[in-house]
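The values are calculated or read from the model by the stated rules, or taken from the named source; none is laboratory data. Just so you know, these numbers come straight off a predicted model, no measurement behind them. With ideal geometry, Cβ positions are generated from the backbone for all residues, glycine too; neighbour counts draw on all protein chains shown. Ligands, DNA and RNA are stripped out before the accessible areas are found, and what is left, the full protein with its side chains, is counted by its heavy atoms. Shrake-Rupley method; radii C 1.70, N 1.55, O 1.52, S 1.80 Å.
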Amino acid sequence: MRGPAALILSGGKGTRLRPLTLGTPKPLLPLVNAPSLGFPLALLRKHGCRDAVLCVSDELAPYRPFVSAQKKLGTSVLCSRETRELGTAGAMKNAERLAQGETLFAFNGDILTDLDLTAMLRFHRERRARITIALVPVPDPKHYGLVRTGPRGRVRAFIEKPPSGRSASAKGVLINGGIYLMDRAVLDRVPAGRNSSVERELFPGCVRDGLPVFGYAVPRGTYWLDIGTPEKYLQANLDVLSGRLKKIVPAGSLRRISPSASIHPLARVGPDAVVGPFCRVGAGAEVRRSVLLRRVTAGKDSVVEGAMIGPGSVLGDAVRVRPFTVLGPRSRVTAFSRV
Ligand code: GDD
Ligand code: MG
């Protein structure tokens, strides 16, 4: 049996990931040399969901190879394009007609997780919920949507990025993990064709009106990360490399070093480095805890540590790239540049 269809929010501007998103839509940025959007789709497939609608706000052309690759893996992907800014709820409303079924999964497309979706669906059905929100503990809750729950997980309040950090400081507060189950009818509450927000309008409104909205606290040990900033995106690459996502990406299914990359025999590329297609790493160069996106050249004796290097960039001979450096596409760095 096919599980519920999923709406995947894959739009917005990806501003916090700049400069990496200059030239590549955020959902297609690679994670260990595979588009990051493939990870939520692999998770959905594992739990029987093989129909996904991508809610995108960019041109569709860059998504085509991804859509056909997913088809080969057994997931049918449709794209719903927004011609103007619709926000998270508006984007779902716009995509709704392309998704079948009365219950839908909805995902923020920038979440990397191995959440047990089958258990979440069971919870949703047992509670007879109209909306179920996956809830996650994080160290810095104020940057997220805060969710307060009562008995059996009934949501009492949903507060998106509270302006004062006060309500976020309470111990044990859980945040919106950006993964939802919802009855299709919930989307009847979203006005068609105009900008509206799941987090600021739809969910708080449903809670206020007494709809059965529940929070599903993710089981201990669940991996969860929003990969929306360069630091988190690097972290995501390292976590995938270290096998933390092995429940959804089997060992050996990813290429840490792209087969088209050329690495000098005297270069040292650590087991915690990702080297993209057509990269060149010169003699004596060292790459550790870093991601080289496609067509990067790391010159002879260069050292790259803890950095994200954008596509087409050239690091000259003996360049040292400091930790936390993020270089945009086609950057040029010589031993005399400050980065
Ligand atoms: N199609 C479409 N259209 N997608 C959008 C739009 C839009 O207008 N705006 C945002 N998105 C997508 C983004 O691509 C992302 O996948 C998702 O919606 C959430 O947007 P972010 O900009 O990444 O939001 P956030 O990370 O600050 O906060 C959200 O995620 C947190 C969990 O990481 C909120 O949902 C928070 O409540 C939540 O805690
Ligand atoms: Mg995000």
Residues Leu104, Leu112, Leu146, Leu121: which one is touching a Pro at 6+ places or on another chain (Cβ under 9 Å), among the hydrophobic types (A, V, I, L, M, F, W, C) and not in a strand (DSSP E or B)?
-> Leu121
Only one of these is within 13 Å of ligand 1 (Cβ to nearest atom), among the β-branched types (Val, Ile, Thr) and without any contact (Cβ under 8 Å) to a residue 24 or more places away in the chain: Thr88, Thr83, Thr113. Name it.
-> Thr83
The condition of being open to solvent by less than 20 Å² (accessible area, probe 1.4 Å) and on the phi < 0 side of the Ramachandran plot holds, among Phe105, Phe123, only for Phe105
Go through the residues of region 42-52 one by one and say whether even a single one is under 30 Å from Gly328 (Cβ atoms), open to solvent by 40 Å² or more (accessible area, probe 1.4 Å) and either among the acidic types (Asp, Glu) or at pLDDT 95 or above (or both).
-> no
The correct count of residues that are more than 19 Å from the chain's Cα centre (by Cα), open to solvent by less than 20 Å² (accessible area, probe 1.4 Å) and within 21 Å of Ser331 (Cα to Cα) in region 262-275 is 2
Hey, can you tell me all the residues within region 15-63 that are within 16 Å of ligand 2 (Cβ to nearest atom), of a type in the set (A, V, I, L, M, F, W, C) and either within 26 Å of Arg256 (Cα to Cα) or out of contact with any helix residue (DSSP H, G or I) (no Cβ under 9 Å at 6 or more places or on another chain) (or both)?
-> Leu17, Leu20, Leu28, Leu29, Leu31, Leu37, Phe39
For region 240-250, what are the residues that are surrounded by fewer than 18 Cβ atoms within 10 Å (Cβ to Cβ) and modelled with pLDDT of 90 or more?
-> Ser242, Gly243, Arg244, Lys246, Lys247
Kindly provide the set of residues from region 54-93 that are assigned to a loop (DSSP other than H, G, I, E, B) and among the β-branched types (Val, Ile, Thr), ordered by number.
-> Thr75, Thr83
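Being more than 21 Å from Asp239 (Cα to Cα), basic (Lys, Arg) and surrounded by fewer than 20 Cβ atoms within 10 Å (Cβ to Cβ) narrows it down to one of Arg16, Arg84, so name that one.
Arg84
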